[in-house]
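To keep things clear, I will list the structure first and then write my remarks on it.
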Ligand SMILES: Cc1ncc(COP(=O)(O)O)c(C=O)c1O
């Protein structure tokens, strides 16, 4: 392979490539932290959006109490990079994963969740040291329809089980609410928290999350900690939800027009292996920055189809920046990201926790 010189500006970068505007990302971190501080809400950002120790450290330096990871592999990468307080809201099952979790508990401040007697049994059998207990929160399904106990009574049963286990300590409740339904989640959490309190089990933490409701997160009277992920980069889905504007979005996919078969159809060198085909329900896959009327309407693996309308024009060889619908999946598709300020390339970082799915 030819050794290429490091790009100095975005014009020198080989396409397709991921660009992260660090000024926008930094502003997004600061805005969310200021909002959390104003409402006395602890912030524990979810790093699945960036998978970079660089930004995890920046989030903690800005005032976050720690970070959230989705998989043990991500926790391992972040712990190795010096992140010291990590929440893993995931059901951990199986001997090997429990051993990895045990090793991490010896190194960092770790907390996890459970929503079943099966997960709890594995945790209780692995963590037996009453002098160094693992904090476990009960995951509650407050309307999202994914993981979580279904009723406050079930939450109480599980909390009692955690409390009885010698090497575990009950940490509180966790939910990932459906977008736009935080108030419904609050009602659920209130009932559960009070039922637990009556049984002598205090919820030290009530953890919720989600970028779509981030600006309403201060309305809650029950949640103590918030886990936003996408807020750092934002994307078309979050813009559609009103979380920010196009000019707040920090991640774009730099791409080249490689074909222009008809006046209204242009083809990019970025397909589903670069942008992912996850639309989160939007009718198309992305839009071209600063070219109104240029939408990514189709993706095959290595080709992106742009449909042009109105005055939108492209030419073969033109380099464009695509704003994807859902940035978190894009992060997991590239080995590296280019950090930029304006058009200057500030650094190229390996996506350290990329592919750490176990
Ligand atoms: C458990 C959990 N918490 C927090 C988040 C962050 O959500 P968002 O990216 O909308 O901020 C997610 C997203 O997938 C999640 O699964």
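The order of 344, 49, going from fewest to most other C-beta atoms within 10 Å of their C-beta, is 344, 49.
Fewest first, what order do 102, 39 take by the number of other Cβ atoms within 10 Å?
Values: 102 17, 39 13.
Listing 102, 39 from fewest to most nearby Cβ atoms yields 39, 102.
Between segment 50-108 and segment 236-287, the alpha-carbon centres lie 30 Å apart.
Fully extending the segment from residue 57 to residue 191, taken as 0.36 nm per residue of separation minus the present Cα-Cα distance, adds 44.7 nm.
Going by Cα centres, segment 291-328 and segment 156-220 are how many Å apart? Cα centroid to Cα centroid, the span is 42 Å. Counted by neighbouring Cβ atoms within 10 Å, the residues 233, 90, 54 run from fewest to most as 54, 90, 233.
Each principal axis of the Cα cloud of the chain was taken in turn, and the coordinate range along them, longest first, works out to 69, 43, 35 Å.
Using Cα-only point scatterers and the Debye equation, what is log10 of I(q)/I(0) for segment 246-358 at each q in 0.14, 0.15, 0.17, 0.23 Å⁻¹, rounded to two decimals? Calculated log10 I(q)/I(0) at the listed q: -0.57, -0.65, -0.83, -1.37. With a Förster radius of 30 Å applied to the C-beta separation of residue 130 and residue 184, the computed FRET efficiency comes to 0.20.
On full extension, the segment bounded by residue 280 and residue 204 gains 24.0 nm, given 0.36 nm per residue less the C-alpha separation. Mind checking the angle between helix 22-38 and the chain's longest principal axis? C-alpha axes, 0 to 90 degrees, to the nearest 10. Its long axis makes an angle of about 30 degrees.
Calculate the FRET efficiency for residue 144 and residue 107 from the Cβ-Cβ distance with a Förster distance of 25 Å, rounded to the nearest 0.05.
Values: r = 31 Å, r/R0 = 1.25.
Using R0 = 25 Å, I get an efficiency of 0.20.
Across segment 302-319, the residues whose backbone nitrogen lies under 20 Å from the label position 7 Å along the beta-carbon direction of residue 259 are 302-309, 313-319. Here the label points at residue 118 and residue 93, each 7 Å from Cα along the C-beta direction, are separated by 0.3 nm in the simple model.
Helix 182-198: angle to the longest alpha-carbon principal axis of the chain, degrees 0 to 90, nearest 10? It works out to around 20 degrees. Using only alpha-carbon positions in segment 23-233, the gyration tensor eigenvalues give semi-axes of 26, 22, 13 Å once each is multiplied by 5 and square-rooted (largest first).
Rounded to the nearest 10 degrees, the inclination of helix 117-126 to the longest alpha-carbon principal axis of the chain is 80 degrees.
Each reported figure results from applying straightforward, stated rules to the coordinates on display, with no laboratory input. No experiment lies behind these values; they were computed from the predicted model shown. Methodologically, a virtual Cβ is constructed for each residue, glycine included, from the backbone with ideal geometry; neighbour enumeration extends over all protein chains shown.
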